[in-house]
Amino acid sequence: MQPQGGESGMTLVEMLAVLAIIAIAAGATVLGIGAATRAPSVEAEARRLSSRLQSVADEAMVSDRPVAFTWDERGYAFEGSASGDDAAHGRHRLPAGIRIDMGRRKPPLMLGVDGTGVPASIGLRSGEDRWMVVYDGLSATPIPAPAA
């Protein structure tokens, strides 16, 4: 546009176009920054397992129905849970690279109805990153695994 009367500057439409471009660029940058840290970590999986194990153990006590914790190389599940089909208690597939380590113990691990479930240490690992979920028969706690 030609400046009229010696005035120069930007129109409102031009200003809005520039702001829209800046907003789109900022949004793309913010989304891109978090992408590197979104991969599930062993710590996050240990905390998820601890939370789910605690929830199902509580449910077993309240409903007076034993629940079995089962696992394989790809993930774990809770069998016998009244809420077994919902996302919080259903089968959980571990992310690629994360493995569950139960030592020599074979499935299932029974969660007792009176808080007397079998104590267990459930290991999760990916390379050198190792966490444990310590289940004492009543509660589950995620902790960093001791150095080997």
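Some points to look at:
- Against the list (1) within 20 Å of the chain's Cα centre (by Cα); (2) over 19 Å from Met110 (Cβ atoms); (3) modelled with pLDDT of 80 or more; (4) not in a loop (DSSP other than H, G, I, E, B), the condition Pro95 fails is (4).
- Search result, residues across the range 60-78 that are under 26 Å from Pro95 (Cβ atoms) and out of contact with any Ser or Thr (no Cβ under 6 Å at 6 or more places or on another chain): Ala68, Phe69, Thr70, Trp71, Asp72, Glu73, Arg74, Gly75, Tyr76, Phe78
- A Cβ distance below 9 Å, combined with a sequence gap of six or more or placement on separate chains, defines the contacts here; from the range 99-120, residues that are in contact (Cβ under 8 Å) with a residue 12 or more places away in the chain and within 12 Å of Val56 (Cβ to Cβ) reach residues that are aliphatic (A, V, I, L, M) and assigned to a loop (DSSP other than H, G, I, E, B) in the pairs Leu109/Met102; Leu109/Val118; Met110/Val118; Leu111/Val118; Gly112/Val118; Gly112/Leu138; Gly117/Leu138.
- Any pair with Cβ under 7 angstrom, 6 or more apart, that starts in the range 61-72 at a residue that is within 9 Å of Val113 (Cβ to Cβ) and ends at one that is among the β-branched types (Val, Ile, Thr): Met61/Val113; Asp64/Val113; Arg65/Val113; Pro66/Val113; Val67/Val56
- Residue that is nearest to Glu73 (Cα to Cα), among those in the range 104-135 that are exposed (fewer than 14 other Cβ atoms within 10 Å of the Cβ) and of a type in the set (Asp, Glu): Glu128
- Residue match in the range 41-52 (condition: more than 23 Å from Gly90 (Cα to Cα) and either exposed (fewer than 10 other Cβ atoms within 10 Å of the Cβ) or at pLDDT below 90 (or both)): no
The values are calculated or read from the model by the stated rules, or taken from the named source; none is laboratory data. Every value quoted in this text rests on a predicted model; they were computed, and no experiment measured them. Glycine also receives a Cβ, built like all others from the backbone with ideal geometry; neighbour counts cover every protein chain displayed.
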